[in-house]
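Trainee: Can you keep this structure in mind? I'll have questions shortly.
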Amino acid sequence: QELGDQLAECDGRAVRLAAGDSSWFVRLAPKGIAISTKSEPTAATVGGTPVEVLLWLWRRVDEEVMRVAGDAELVARLRELMRGATQ
């Protein structure tokens, strides 16, 4: 599914996905989504066990299962983008 319209409103800030001992940094920008394992400044963090993070990304568990800190709107935007990508 095309995500261009949803990305147009993104401002380039990143969300850290913390899964156990591993982390990924997901930067949401108008030109696309960049994913890195290199530490960088983030506006929000979503954390849990590796299984919880995977299930959250695939929208199989609710946010209540996760540890969420920082910009809740940015996390909600990532979650909405994942809806389009996982349907």
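The values are calculated or read from the model by the stated rules, or taken from the named source; none is laboratory data. Treat the numbers as computed from the prediction; the structure is a model and nothing was measured. Note that we place each Cβ from the backbone using ideal geometry, even for glycine, and neighbour counts take in every protein chain shown. Surface areas here come from the heavy atoms of the whole protein model, side chains and all, with no ligands, DNA or RNA. Shrake-Rupley method; radii C 1.70, N 1.55, O 1.52, S 1.80 Å.
Trainee: If you average 1/r over every pair of different alpha-carbon atoms in the chain and take one over that average, what Kirkwood value in Å do you get?
Mentor: Taking the inverse mean of 1/r over all distinct Cα pairs, the chain comes out at 12.9 Å.
Trainee: In square angstrom, what is the accessible area per residue of region 3-78 with a 1.4 angstrom probe?
Mentor: Normalised by residue count, the accessible surface of region 3-78 is 60 Å².
Trainee: Please give the charge dipole size of the chain, origin at the Cα centre, charges +1 on K and R Cβ atoms and -1 on D and E Cβ atoms. Round to the nearest 20 debye.
Mentor: In debye, rounded to 20, the chain gives about 240.
Trainee: I've got another one for you. Write down the percent of antiparallel bridges among all DSSP beta bridges whose residues are both part of region 7-87, to the nearest 5.
Mentor: For region 7-87, the DSSP antiparallel bridge percentage is about 75.
Trainee: If you count only protein heavy atoms and use a 1.4 Å probe, how large is the accessible surface of Asp5, to the nearest 10 Å²?
Mentor: Spelled out: Asp5, probe radius 1.4 Å, area about 140 Å².
Trainee: A follow-up question, please. If you filter the chain for trypsin sites (Lys or Arg not before Pro), then keep DSSP loop positions with at most 16 other Cβ within 10 Å, what is left?
Mentor: Counting only loop positions with at most 16 other Cβ atoms within 10 Å, the trypsin sites (Lys or Arg not before Pro) in the chain are Lys31, Lys38, Arg59, Arg60.
Trainee: Run through the chain and list the chymotrypsin sites (Phe, Trp or Tyr not before Pro) located in a DSSP loop whose Cβ has at most 14 other Cβ atoms within 10 Å.
Mentor: Trp58
Trainee: When the accessible area of the chain is split by element with a 1.4 Å probe, what percent falls to carbon and sulfur?
Mentor: 52
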